[in-house]
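Data block below; observations after.
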Amino acid sequence: MLCQRCNQRDATVHLTKIINEEKTELYLCEKCAQETGQIPFNNNPFSFQNLLSGILNPELSSIDSVQPELICDTCGMSYKEFTKKGLFGCADCYETFSSKLDTLLKRIHGSNYHNGKVPQRSGGNLRIKKEIEQLRKELQLAIEHEYFEKAAELRDQIHGLVEKLEGE
Amino acid sequence: MSLKDIINNNLTYWVSADGPERDIVLSSRIRLARNIEKLNYPNRAKPAERAEVTKRVIEILSRQEQVKLHYMDVNDLPVLERELMVEKHLISPIHAQEGSEKGIFLADQENICIMINEEDHIRIQVLMPGLQLGKAWEIAGELDDLLEGKLDYAFSEKWGYLSTCPTNTGSGLRASVMVHLPALNLTNNIAKMLGAVSQLGLAVRGLYGEGSESVGNIYQISNQLTLGHSEHDIIDNLKGVTKQIIDQEKQARQLLLQKMEFKVKDQFRRSLGLLKYAYQISSQESMKLLSNVKLGIDMGIIDDVDSGVLSELMVLIRPAHIQKIEGKELDETARDIKRAELIQARLNM
């Protein structure tokens, strides 16, 4: 639905006013609502940081009163501050707040496991594990298509990697 | 130097070079967010820690031959230079503000720009003309490998790259395309398209980033989710959706010719006329008219102007660029007058 004032932007603000028992309804876009002073938009309440802290906060309110506040030893960031700013203070914050991050990251991304690139050095064994996973898929395909020579090759490669992993 | 030469000298690579699907996709961008282990993130770091980030990255990038990058400290750059970089979409407005140890590494072609101590320690960005997400990812990935060869990134097996903001956690990848969709707008299909796109885990924004309205029918589409999806999936997904949008836009253009031929032809020529003869013009109005002119060119109705006019002028007509070209500070009215002159010079090129 288009804004009733400018007739250009989508109406995102639905306003119901009841004055002397007379009800008026207005559908405005955010800009017109702001311009006509219908709604006191001080600091944009729909700003990214505000919305994000809305996602982060419900976590806090229910647990906060019972558990002691989580504070990162490395950078001094508290969980409360993190939910307000929407920013971690250092890599260790992830570890410190880990009990709450599973829910939180899932809420944001719909997933809580990384499934992408792994750095060569700091990635450690993960890179090998991912490679094994990939080779197993290829092996399955090779068997399905009866490419047995290729399959034998892949099997040896997988063995080699598994040994490397166990050796470390 | 003639105004034409000045215009050519001020064009950045993604604006002036050619690329696939360039009539609809103005540019492709890849951004990777990376942080260094054991150093507080920029929002929490002391000046010494921020300086350490700069030092380590300079050390690595100055000792390699793979790609030539120039380092600049943001504080050393005149304000106008910083604004020019924002207008070229090379750095964020936040990074253009004075601050301790904020740095920029820029390639000669300006297709690579690394921001140091922005929200994350390191933000690698690659900008390409047209639809070239794969190529941009390749370049960004190589730079990432180069840095990772010497730096211990903040990374966990479970959550991937540990970025400053949880919305970037995982791949730290933001892939985006800037698209020009005038016909979808004229045929009232844009809202439907935007709605569908947002259901696919993608975000749509206006030309100037977060919270901005669409100007000149230009939209930026990017992935929203970074955790749980591989870089290839993220890029393929965005590429696939962009191709669909290109098809839809092309169909809408056909529809315009079938149903409203005279009306759109009239509108394109009027827009060109206004741009050619206006004495002063705001950037908002310029963008609206330039969008019409580009559509006219791409649909073969206007044939004496080339299609690059929109992407070039959308950067050149912004305040910092006009003042750079003019060589002095100008108030709004003076800028509006110079903007009209500049557009006319470019249209006659």
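What do you reckon, is B:Val74 open to solvent by 20 Å² or more (accessible area, probe 1.4 Å), out of contact with any strand residue (DSSP E or B) (no Cβ under 6 Å at 6 or more places or on another chain) and over 28 Å from A:Asp92 (Cα atoms)?
In short, no.
Within the range B:30-46, how many residues are in a strand (DSSP E or B) and open to solvent by less than 10 Å² (accessible area, probe 1.4 Å)?
5
Report, by residue number, each residue of the range B:258-280 that is surrounded by 15 or more Cβ atoms within 10 Å (Cβ to Cβ) and more than 30 Å from B:Glu332 (Cβ to Cβ).
Matches in the range B:258-280: B:Val264, B:Lys265.
Tell me, which residue of the range A:117-156 that is among the basic types (Lys, Arg) and under 30 Å from B:Ile36 (Cβ atoms) is most open to solvent (accessible area, probe 1.4 Å)?
A:Arg121
Filtering the range A:158-168 down to residues that are in a helix (DSSP H, G or I) and open to solvent by 90 Å² or more (accessible area, probe 1.4 Å), which residue is modelled with the highest pLDDT?
Applying the filter and picking the extreme gives A:His159.
Select from the range B:19-52 the residues that are of a type in the set (Gly, Ala, Ser) and at the interface with chain A (Cβ under 9 Å from one of its Cβ atoms) and list them in ascending order.
B:Ala45
What are the pairs, 6+ residues apart or on separate chains, where a residue within the range B:324-338 that is β-branched (Val, Ile, Thr) has its Cβ under 6 Å from a residue that is assigned to a helix (DSSP H, G or I) and at pLDDT below 95?
Correct list of pairs: B:Ile325/B:Ile6.
Can you tell me which of (1) surrounded by fewer than 18 Cβ atoms within 10 Å (Cβ to Cβ); (2) at the interface with chain B (Cβ under 8 Å from one of its Cβ atoms) is the one A:His114 doesn't meet?
Status for A:His114: all satisfied but (1).
Could we say that B:Thr242 is hydroxyl-bearing (Ser, Thr, Tyr) and in a loop (DSSP other than H, G, I, E, B) here?
The answer is no for B:Thr242.
Where in the range B:275-349 are there helices (runs of 4 or more DSSP H), lying fully within it, with 1 or more residues that are among the hydroxyl-bearing types (Ser, Thr, Tyr)?
Per the criteria, B:283-298, B:309-316, B:332-347.
Return yes when B:Leu255 is assigned to a helix (DSSP H, G or I) and either in contact (Cβ under 8 Å) with a residue 40 or more places away in the chain or touching a Gly at 6+ places or on another chain (Cβ under 9 Å) (or both) and no when it is not.
yes
Out of everything in the range B:164-187 that is within 8 Å of chain A (Cβ to nearest Cβ) and among the small types (Gly, Ala, Ser), what residue ends up being nearest to B:Ser222 (Cα to Cα)?
B:Ser171
Scan the range A:128-150 and give yes if some residue there is assigned to a loop (DSSP other than H, G, I, E, B), within 14 Å of another protein chain (Cβ to nearest Cβ) and either closer than 30 Å to B:Ala154 by Cα or not β-branched (Val, Ile, Thr) (or both), otherwise no.
no
Is it the case that B:Glu81 is more than 14 Å from chain A (Cβ to nearest Cβ), under 26 Å from B:Ala45 (Cβ atoms), at pLDDT below 95 and not in a loop (DSSP other than H, G, I, E, B)?
yes
What pairs come up if the first residue lies in the range B:8-19 and is open to solvent by less than 30 Å² (accessible area, probe 1.4 Å), the second is among the basic types (Lys, Arg), and their beta carbons are under 7 Å apart, counting only those six or more places apart or on different chains?
Partner pairs satisfying both residue conditions: B:Asn10/B:Lys324; B:Thr12/B:Lys88.
The values are calculated or read from the model by the stated rules, or taken from the named source; none is laboratory data. What you see is a predicted model, and the numbers here were worked out from it, not measured in a lab. When we count neighbours, we look across all protein chains shown, and the Cβ atoms used for this are built from the backbone with ideal geometry, even at glycine. Only protein heavy atoms, including side chains, enter the accessible area calculation; ligands, DNA and RNA are left aside. Shrake-Rupley method; radii C 1.70, N 1.55, O 1.52, S 1.80 Å.
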